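The values are calculated or read from the model by the stated rules, or taken from the named source; none is laboratory data. Since this is a predicted model, take the numbers as computed values, not measurements. Ideal geometry is used to build each Cβ from the backbone, glycine not excepted, and the neighbour counts take in all protein chains shown.
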Amino acid sequence: MVRLPHTPEVVARGRRLGALLRDARGPRSLAEVAAAAAVSPETLRKIETGRLVTPSFATVAAVAGALGVSLDGLSACLDAEEAAHAARPARGVA
């Protein structure tokens, strides 16, 4: 199976997901949250930094659960950010 490259939209959404999870982590250490979610610290680091833009549903659910964030809330935040981003004028356009 050939894996197609991610579109810019998918990459942007993955980066927003990572930023939301990082913000939700707050002062807790990455290792602490990763252990609570039963994922490796490197996996969580890759998600938070946007290097892993399409983590599995199970991974996102586990991290969200460890952070006390609902999947519905996380999805709503991503959708709201996408809508706000779409409403902004493109750069370089007069």
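Here are a few things to note about the model shown:
- Failed item in (1) over 24 Å from ARG3 (Cα atoms); (2) surrounded by 14 or more Cβ atoms within 10 Å (Cβ to Cβ), with LEU71 passing the rest: (2)
- Residue tally, condition within 18 Å of ALA24 (Cα to Cα) and either assigned to a loop (DSSP other than H, G, I, E, B) or among the acidic types (Asp, Glu) (or both), over the range 52-67: 3
- Residues of the range 68-86 that turn out to be in contact (Cβ under 8 Å) with a residue 12 or more places away in the chain, in a helix (DSSP H, G or I) and under 14 Å from the mean Cα position of the chain (by Cα), as a count: 5
- Residue satisfying condition, being in contact with a helix residue (DSSP H, G or I) (Cβ under 7 Å, 6 or more places away or on another chain), at pLDDT below 95, on the phi < 0 side of the Ramachandran plot and assigned to a helix (DSSP H, G or I), within set ARG13, ARG45, ARG22: ARG13
- Considering residues of the range 24-54 that are farther than 24 Å from GLU9 by Cα and among the polar types (S, T, N, Q) only, the residue surrounded by the fewest Cβ atoms within 10 Å (Cβ to Cβ): SER29
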